[in-house]
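**Student:** Please find one structure pasted underneath; my questions will follow.
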């Protein structure tokens, strides 16, 4: 089935499902029972994501979550702060990372938080920390947040949103902070630092990348490649990519291109 037809069918099914539900989204919680105690709780992020219905808000309480998470349905994954600076942090599992995704551009990859083959996903207020990460056999990249095959041209840059996240310490192997491939999404207000390769890779499709802070990305700050007309990189965020300092010039991409200039 052509991708555009699949996307239209998926959107129709999504709308039908949402119309059959209450307009008030269900909210569940990951973490200790003392955090938002009146709501249904899960012990891991993946168990919550796998159990809930479309459109659910999954709130993740402050703490460390040593797991790799895969999201393949519409939902919101939102970190909760406790007012003292503690955050919800996805960390490397005790037995190490495993190859769990396939990027059109990079092939087999290892992702800590993977969104794939869906629309209507929001990821916000979370920390993804690659400290202690290993290099799984057969994997071409280690990635903090991966977004693969999300949305279609009809979505513009709204098929998914990554907002106010921190991705850090992805220094094992070839490590990227955020890798978006063949997707139509927005990445905004986020902090990506201490990554082995590129802070934000955005390959094929269409992206809005605004107001992000990037530091110590050892190859490139932001890479756009094979993007549709209208992809945007802008904002007042800082870029400080050390060792091999590069950054993409803040500009509007109007054709298929890659634009990287020296700092």
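**Student:** In the stretch 120-151, which residues are touching a residue at least 60 places away in the same chain (Cβ under 8 Å), under 22 Å from residue 27 (Cα atoms) and surrounded by 22 or more Cβ atoms within 10 Å (Cβ to Cβ)?
**Tutor:** 126
**Student:** Test each condition in (1) in a strand (DSSP E or B); (2) in contact (Cβ under 8 Å) with a residue 60 or more places away in the chain; (3) surrounded by fewer than 18 Cβ atoms within 10 Å (Cβ to Cβ) for residue 57 and report the one that comes out false.
**Tutor:** Residue 57 satisfies all of (1) in a strand (DSSP E or B); (2) in contact (Cβ under 8 Å) with a residue 60 or more places away in the chain; (3) surrounded by fewer than 18 Cβ atoms within 10 Å (Cβ to Cβ) except (2).
**Student:** Could you tell me which numbered condition residue 90 fails, if it satisfies all but one of (1) within 20 Å of residue 64 (Cβ to Cβ); (2) buried (at least 18 other Cβ atoms within 10 Å of the Cβ); (3) out of contact with any helix residue (DSSP H, G or I) (no Cβ under 9 Å at 6 or more places or on another chain)?
**Tutor:** All conditions are met except number (3).
**Student:** Going through the stretch 120-157 one residue at a time, which ones are under 18 Å from residue 54 (Cβ atoms), assigned to a loop (DSSP other than H, G, I, E, B) and in contact with a strand residue (DSSP E or B) (Cβ under 7 Å, 6 or more places away or on another chain)?
**Tutor:** 149, 150, 151, 152
**Student:** Among 51, 25, 7, 12, which is the only one that is within 19 Å of residue 121 (Cα to Cα) and at pLDDT 95 or above? I'd like the intermediate steps shown before the answer.
**Tutor:** Values: 25 fails: at pLDDT 95 or above; 7 fails: at pLDDT 95 or above; 12 fails: at pLDDT 95 or above.
None of the other options fit; the residue is 51.
**Student:** Taking the conditions exactly as written (modelled with pLDDT of 95 or more, part of a strand (DSSP E or B), touching a strand residue (DSSP E or B) at 6+ places or on another chain (Cβ under 7 Å) and surrounded by fewer than 19 Cβ atoms within 10 Å (Cβ to Cβ)), does residue 102 satisfy them or not?
**Tutor:** Values: modelled with pLDDT of 95 or more: yes; part of a strand (DSSP E or B): yes; touching a strand residue (DSSP E or B) at 6+ places or on another chain (Cβ under 7 Å): yes; surrounded by fewer than 19 Cβ atoms within 10 Å (Cβ to Cβ): yes.
In short, yes.
**Student:** Related question: Going by the structure shown, is residue 237 in contact with a strand residue (DSSP E or B) (Cβ under 7 Å, 6 or more places away or on another chain), outside any strand (DSSP E or B), closer than 22 Å to residue 163 by Cβ and modelled with pLDDT under 95? Let's see the steps before the verdict.
**Tutor:** On the way: in contact with a strand residue (DSSP E or B) (Cβ under 7 Å, 6 or more places away or on another chain): yes; outside any strand (DSSP E or B): yes; closer than 22 Å to residue 163 by Cβ: yes; modelled with pLDDT under 95: yes.
Yes, satisfied.
The values are calculated or read from the model by the stated rules, or taken from the named source; none is laboratory data. Keep in mind that this is a model prediction, so the values were computed, not measured. We place every Cβ from the backbone using ideal geometry, glycine too, and count neighbours over all the protein chains shown.
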